[in-house]
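Each value in this text was obtained by applying a stated rule to the coordinates, not by laboratory testing. What you see is a predicted model; the values in this text were computed from it and never measured. Heads up, the Cβs are rebuilt from the backbone with ideal geometry, glycines too, and the neighbour counts pull from every protein chain shown.
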Amino acid sequence: MEAKTRKVMTPERWQKVKEIFQAALNRVPAERRVCR
Amino acid sequence: MSPPENVSQLLVKWGEGDQAALDKLMPLVYSELRRLASNYLRRERQNHTLQPTALVNEAYLKLIDQKSARWQNRAHFYGVAAQLMRRILVDHARQHQAAKRGGPSQERLSITSAGQLGEKPDLDLLALHEALEELKTFDAQQERIVELRYFGGLSIEETAEVMAIGHATVERDWKMARAWLRRKLD
């Protein structure tokens, strides 16, 4: 059976996510690419 | 002997930087919140859904002299109360869970807070608490923001005041934390 792997969140990894999130917020809505 | 200080006076002193005032304030607020929560939970028999912010608000109205209250003091009161409210409700849910373990009808304590966490109308309290404990391991600031907003009902502005950070930071962290929690609790 294939084991489920889920990356554990670390403060460093979360900080990177936060930077990306902030960069997206800094863009005007029209410049944000929509992910579906 | 000087007369005992009331909650309003302690709140003002704490706002002025007197940390000893906070030590005196905490048990007073804890005791009132606990009394309100116990009364509520005793009245409701099965599958409670409660609004923690309503209880915090009731405690504030009972304990604080409204004439002398400033909004900054209000925000700080709610900041303390949010933390205590969470602790009281988690203790209650754990005690109940231990008492009922193995029984046929497990009682569940759900909380709701005016749609603050989004789509779900109510949330399992212990599941939320555990998710917040996990969030705290990699972002303590976001965990505190959710606690203040969800258990204390603080606005973005009040949360920024209590945490001494900018509004934009609170808004961003609130959005991020909510997205993470939604996924975690699904």
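Taking neighbour Cβ counts within 10 Å as the exposure measure, how do B:GLU158, A:GLU12 sort from fewest upward?
A:GLU12, B:GLU158
Based only on other Cβ atoms within 10 Å, what is the fewest-to-most ordering of B:LYS13, B:LYS175?
Result, fewest neighbours first: B:LYS175, B:LYS13.
Which of the residue pairs B:LYS136/B:LYS184; B:LYS136/B:LYS175; B:LYS24/B:LYS67 have a Cα-Cα distance greater than 18 Å in the structure shown?
B:LYS24/B:LYS67, as the Cα separations exceed 18 Å there.
Arranged by the count of other C-beta atoms within 10 angstrom, fewest first, what order do B:THR53, B:THR169 take?
Working: B:THR53 23, B:THR169 16.
Neighbour counts put them in this order, fewest first: B:THR169, B:THR53.
How would the range B:15-92 be classified by its alpha-carbon gyration tensor: rounded, prolate or oblate, with rounded meaning a/c under 1.5 and the a/b versus b/c comparison settling the rest?
prolate
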